[in-house]
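The values are calculated or read from the model by the stated rules, or taken from the named source; none is laboratory data. Nothing here was measured: the structure is a model prediction, and the numbers come from that model. Note that each Cβ is placed from the backbone with ideal geometry, even for glycine, and that neighbours are counted across all protein chains shown. Side chains included, ligands, DNA and RNA excluded: accessible areas come from the protein's heavy atoms. Shrake-Rupley method; radii C 1.70, N 1.55, O 1.52, S 1.80 Å.
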Amino acid sequence: MAFSWWFSRLRSSSRTIFTHLRSSQSTPSTAVSEVISSKEKNPFLWWSSYLVPISAASLLLQFQSNPPSFSDSFHSDSRGVGIGGNGSTEFVVKGSHRSVPQELIDDLKAICGENMSMDYEERSVHGKPQNSFHKAVNIPDIVIFPRSEQEVSLIVKSCNNHKVPIVPYGGATSIEGHTLSPHGGVCIDLSLMKNVKALHVRDMDVVVEPGIGWMELNEYLEPYGLFFPLDPGPGATIGGMCATRCSGSLAVRYGTMRENVINLKVVLANGDVVKTGNRARKSAAGYDLTRLVIGSEGTLGVITEVTLRLQKIPQYSVVARCNFPSIKDAADVAIATMMSGIQVSRVELMDEVQVKAINIANGSNLPETPTLLFEFVGTEAYSREQTRLVQKIASEHNGSDFVFAEEPEAKKELWKMRKEALWACFAMEPEYEAMISDVCVPLSQLAELISKSKEVLDASPLICAVVAHAGDGNFHTLILFDPNNEEHRKEAERLNHFMVQAALSMEGTCTGEHGVGTGKMKYLEQELGIENLKTMKSIKAAMDPNNIMNPGKLIPPHVCF
């Protein structure tokens, strides 16, 4: 099984297991207590003091005692090209590095006891993402495992006091270099904070800590007839899903993380804890700080609590599969289905290369042609009716071999081919790495974008498989390349660049759900404009004046104000 193969690969490269984790919390030392300023009595005071109309003059007055560099010049390489900035083609992220003060090490030991590590293997695993081709010259100096929001606050306070970088760390499933530590510093692994703090069945919401995985959460919710509808890669945690503003195959029906988070609790750069709202399903009270933090990728704070919207587990569902002679036909059916008003739960597309990979990985004999997978939910009658309507649409666009399943095991078997897509590709070339595109365009442009991309991909010597969340215009290309072959790497980058440029020309985006990290920064000015980036830089500087929160990510290094 492709999934079993992937699990073995993941397990073999997973982090070192801590054998001496203590369940009791350590009492902070006097040195740590002294870090806590009087502003802790009003956690919002420090943060809100910077939320004034920002101009160059006001920032100069605000920071004149210790003026920061608003160009992040330490992110540039020796040739003056910012890593991740315009014109960058680098995959190894450079950064400055200085030793962590012993006083900080002592503080962290006092806060978390033995729940921290300076072991090289542990630091290396946290500094080199297993599912990303992005690398950094440095790794974290310390990996720390807090058990509570209070510990996170004390850790961040101490790091800010010593001006030591912080990188929040969740399930390590991100692929754009989000968890790299180019400047060393402290990696805050939130995997021990995975409790369900409160479940409100009648309100259909749940309060959780950031380290719980979405799959674990759904196992917990199932006996109550509820589920959380976002389904990114296996292993993804709720905190990381918020940080990257992820989605998944169910976004076409339920939306992205942006629509499914009610409120957050966040530790800001000075250690203060801010709650972004209450549990009301809608609110017009003040700035929408929840949406500001979602997608901020750890650059504004560390998420310590999340309140999520839940959905009822559907009463009935049908899964269907259909084959097509061309990928354009398949994309056209996805668009026509959405335009018809049919409330599909999922619309997933795979090209013939992806289906071939699944056949090789699983020993199956599926027709190696472009394929669409659908899921319909609701009552039994409603689900069957929607299935018949889509079957008719598919037949009008050269669809064939339309099959559907209603029994649980049969549905699982049909859906498995999509769930195992990525790992099936890795099974084709176990020693290769994958560069995964993440473009998204307005739905009407999807067929044209995929068709143009396929012409270029099919002409490439590299193995390139296409999978798409076709119902919302988001598609991925899995480009397999030999990391030791420079020509392979350049070709993979050329293909990825082509698809991004094509998407941007259609008013699309370089990243639909994977986030920016270090990998997509170079496209942001073209997509968003320099004034947009300057505004983001202003927010970052106001909330994190010492630039300790995941520095070198999200905002391109060439942006100044």
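Here are the numbers:
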read-out	value
Estimated dipole of segment 316-505 in Debye, rounded to 20 [Cβ of Lys and Arg +1, of Asp and Glu -1, Cα centre]	440 debye
Loop-located trypsin sites (Lys or Arg not before Pro) in segment 192-251 whose Cβ has at most 12 other Cβ within 10 Å (DSSP)	202
Environment charge at residue 357 (Cβ cut-off 14 Å; Lys +1, Arg +1, Asp -1, Glu -1)	-1
Stretch gain in nm, segment residue 368-residue 401, where the contour uses 0.36 nm per residue and the Cα spacing is subtracted	10.7 nm
Fraction of alpha-carbon pairs over 19 Å apart in segment 318-414 - percent	38 percent
Net length gained if the chain between residue 412 and residue 359 were fully extended (0.36 nm per residue, minus Cα distance)	17.4 nm
Solvent-free Debye scattering, log10 I(q)/I(0), computed from the Cα coordinates of segment 196-312 at q = 0.13, 0.15, 0.18 Å⁻¹	-0.45, -0.60, -0.88
Computed Rg/Rh of segment 123-230, alpha carbon atoms with Kirkwood Rh	1.05
FRET efficiency, residue 219 to residue 315 (Cβ-Cβ, R0 22 Å, nearest 0.05)	0.65
Listed peptides 438-450, 370-382, 158-170 by packing density, highest first (mean Cβ within 10 Å)	158-170, 438-450, 370-382
Within-12-Å neighbourhood charge of residue 142 [Cβ basis; K, R +1; D, E -1]	-4
Heavy-atom accessible area per residue - segment 217-352, 1.4 Å, Å²	35 Å²
Accessible area (Å², per residue) of segment 102-189, counting only protein heavy atoms and a probe of 1.4 Å	28 Å²
Where labels lie 7 Å past Cα in the beta-carbon direction, separation of residue 448 and residue 460 in nm	2.2 nm
Accessible-area composition of segment 515-561, carbon plus sulfur, in percent [1.4 Å probe]	56 percent
Backbone N under 15 Å from the residue 200 label point (7 Å along Cα→Cβ), restricted to segment 267-302	276-284
Computed label-point distance, nm, for sites residue 535 and residue 560 using a 7 Å Cα→Cβ extension	2.3 nm
Förster radius 51 Å - calculated FRET efficiency between residue 106 and residue 494, Cβ distance, rounded to 0.05	0.55
Gyration tensor over alpha-carbon atoms, segment 316-505, equivalent ellipsoid semi-axes in Å	29, 19, 13
For residue 300, net neighbour charge (Lys/Arg +1, Asp/Glu -1) across residues whose Cβ lies under 15 Å away	+3
Nearest-0.05 FRET efficiency for residue 99 and residue 391, computed from C-beta distance (R0 56 Å)	0.30
Per residue solvent-accessible surface (Å²) - segment 431-561, probe of 1.4 Å	34 Å²
Inter-label distance, nm, simple model (7 Å from Cα along the C-beta direction), residue 130/residue 118	2.7 nm
Per-peptide average of other Cβ atoms within 10 Å, ordering 236-243, 515-522 highest first	236-243, 515-522
Percent carbon-and-sulfur accessible area, segment 196-312, ignoring ligands, DNA and RNA, probe 1.4 Å	49 percent
